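Below is one structure, written out as structure tokens; the observations come after it.
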Amino acid sequence: MTAPLIIVGSGMAGLGLARQLRARDTVRPITLVTADSGDDYSKPLLSTGFAKGLPPARLAARSALETADRLGVVLRTHTRVEGIDLEARTLRVGEERLSWGELVLATGAAPAVPFTVPGTLAGRVFTINDLDDYRRFHAALEALGRRARVAIIGAGLVGCEFANDLSAGGHDVTLVAPESAPLPRLLPEPLGRALGEAFQRGGMTLHLGRSLETLETAGGDVGVALSDGSRVEADLVLVATGLRPRTELAESAGLETGAAGIQVDRRLATSAPGVYALGDVACVDGVNAMYVQPLQASARALARTLTGEPSEVVYGAWPILVKTPLLPVVALPPTRPPARWRIEGEGQDLVAMAETQDERLIGFALTGSCVRRKVELARATPPLLG
Ligand code: FAD
């Protein structure tokens, strides 16, 4: 029997690839192995669920069983791959060995938590990076049965989206971050400040320019001690301090990896023959974009390659739409530091253009009513991976 194509991971990258493959080849044996429940869900919707009061079940489009049936694949859930033997072409799962003909790693990225969470606070301090995490946080909110005081640590995309969403869902949100304004990696400071002001007008408390020192139990609360000596009391804490590509499997197998992910070329091929990677775990020709459009383009290109039509992936100038209804934000951050940011507009309606010395546009950020300029500016910006 021919060994199947095995995809490790059933997130948007793994399942997206399985769908694209099935559209081109209806018979090839495909196995997906995933450490989680294998539910087909849209991760971007996780940070919109609390405002809409969505229970976790409403976020899953279909169960693993339905997906396996629809696609004609084997989908092994709650199964963690522990090792890759490149020579024997097998995966290690406990005592079991799974043979692969070709292998795709779509293991995503995991929350990076840069401080220790005391064991006693396990049920109070959370990260939300998948549907199972959302289930746990949702259950903790439900168990409180009232408006919760939520401290969010980190003001990047994930922290800001959950801050806006939980606040819109009726909770008291405090946002803590060491930077002086929200979304420091997507927005130049004046636009970040505009977002911070919109958050404050929306009722949130911001503790910017200070970081978390310790977390401790304080009576029935969680005490969050900050670097300036101040303190926040919360019912629940949501940690959103960044994501790190899950490269451990690839690394221990000897594949080329780095801090930005598993190194792959534009055909999504790793340094080992027959082994590919895509999605949040993959650094494609030096770029790890970590959002949906790049992984969808990668899934389409890799499906062509794996069905006998070798194809390189191309990323366009695809702006990121940040889900902060208190102040709409769109950003296409430059891939290298700009010579300057040219900022226009008034109040919360701002346009920031990242330019080179010779005034070429290499990225932009928009807030408020200026987000409508996203298509026009994206057309004038070079592609992410051309
Ligand atoms: P993941 O979804 O992380 O999937 C990884 C899979 O690998 C999982 O199934 C996991 O169980 C499995 N796995 C890992 N290790 C193992 C192992 N050893 N053995 C077996 N299985 C394993 N992007 C946008 O473009 N627009 C948005 O609006 C947007 N909003 C977002 C909001 C939030 C809250 C977050 C967290 C992200 C958002 N993103 C957004 C980013 C986008 O969702 C991700 O880029 C994308 O979902 C990543 O998919 P993935 O399949 O690469 O990884």
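Where a number appears in this text, it was derived from the coordinates with a stated rule and is not lab data. Every value quoted in this text rests on a predicted model; they were computed, and no experiment measured them. Note that each Cβ is placed from the backbone with ideal geometry, even for glycine, and that neighbours are counted across all protein chains shown.
Entry note, the stretch 113-239: relative contact order of 29 percent, from Cα contacts under 8 Å with a spacing of 6+ residues. For the chain, a crude dipole built from +1 on the beta carbon of Lys and Arg and -1 on the beta carbon of Asp and Glu, taken about the Cα centre, is about 840 debye to the nearest 20. In the stretch 113-239, taking the dipole from charged Cβ atoms about the Cα centre, the farthest positive-side position among Gly196, Ala140, Gly154 is held by Gly196.
I need the per residue convex hull volume for the stretch 87-168, using only the alpha carbons, in cubic angstrom as a whole number.
Values: hull volume 14.8 nm³, N = 82.
Value for the stretch 87-168: 180 Å³ per residue.
A simple rule links phi to the HN-Hα coupling: the Karplus curve 6.51 cos²θ - 1.76 cosθ + 1.60 with θ = phi - 60°, which for the stretch 324-338 gives 10, x, 4, 7, x, 9, 10, 9, 10, x, x, 7, 9, x, x Hz, with x for Gly and Pro. The C-alpha atoms of the chain define a longest principal axis, and helix 12-24 lies at about 40 degrees to it. Among Ile343, Ile30, sorting on how many other beta-carbon atoms sit within 10 Å of each Cβ, with the fewest leading, yields Ile343, Ile30.
The orientation-averaged shadow of the Cα convex hull for the stretch 328-380, equal to a quarter of the hull surface, comes to 3.4 nm². What's the local net charge at Ala57, with K and R +1, D and E -1, over the other residues with C-beta under 12 Å away? Residues near Ala57 contribute +2 overall.
With R₀ set to 45 Å, the beta-carbon distance separating Arg62 from Arg342 gives a calculated FRET efficiency near 0.45.
Electrostatic bookkeeping for Leu86 treats Lys and Arg as +1 and Asp and Glu as -1; over the other residues with beta carbon under 14 Å from its beta carbon, the sum is -2. Close amide H partners of Ser271, meaning residues 5 or more places away or on another chain with modelled amide H under 5 Å apart, are Glu256.
Radius of gyration (Cα atoms) of the stretch 52-196, expressed as a multiple of 2.2 N^0.38 Å: 1.36.
Computed across the stretch 113-239, the Kirkwood hydrodynamic radius from all distinct Cα-Cα pairs reaches 14.7 Å. Projecting the Cα atoms of Leu186, Ala218, Leu278 onto the dipole axis of the stretch 179-305, where Lys and Arg carry +1 and Asp and Glu carry -1 at the beta carbon, places Leu278 farthest toward the positive end.
The dipole here belongs to the stretch 1-143: it is taken about the Cα centre, uses +1 on the Cβ of Lys and Arg and -1 on the Cβ of Asp and Glu, and is about 360 debye.
Taking the C-alpha atoms only, the angle from helix 292-306 to the longest principal axis of the chain is near 10 degrees. Across the chain, C-alpha contacts under 8 Å between residues 6 or more apart give a mean separation that, scaled by the residue count, equals a relative contact order of 15 percent.
Volume of the convex hull of the chain (Cα atoms only), normalised per residue: 150 Å³. Computed per residue of the chain from DSSP H runs no shorter than four, each worth -39500 (n - 2.57), the mean residue ellipticity at 222 nm is -7000 deg cm²/dmol. Rounded to the nearest whole angstrom, the semi-axes of the ellipsoid equivalent to the stretch 1-108, taken from the Cα gyration tensor as √(5λ), stand at 27, 16, 11, largest first. Expressed as a fraction of 2.2 N^0.38 Å, the C-alpha radius of gyration for the stretch 229-275 is 1.88. Among Thr77, Thr367, Thr26, the largest mean-square fluctuation in a Gaussian network model of the chain, built with springs joining Cα atoms closer than 10 Å, belongs to Thr26.
For a quick check, take a GNM of the chain with Cα springs below 10 Å and name the residue from Glu66, Glu248, Glu96 with the largest mean-square fluctuation. Among Glu66, Glu248, Glu96, the largest GNM mean-square fluctuation belongs to Glu96. Close amide H partners of Thr324, meaning residues 5 or more places away or on another chain with modelled amide H under 5 Å apart, are Val329. Under a model in which nothing but the beta-carbon of Lys, Arg (+1) and Asp, Glu (-1) is charged, the stretch 113-239 shows a dipole of about 160 debye around its Cα centre.
Between helix 157-168 and the chain there is an angle of about 60 degrees, using the helix long axis and the longest principal axis of the Cα atoms.
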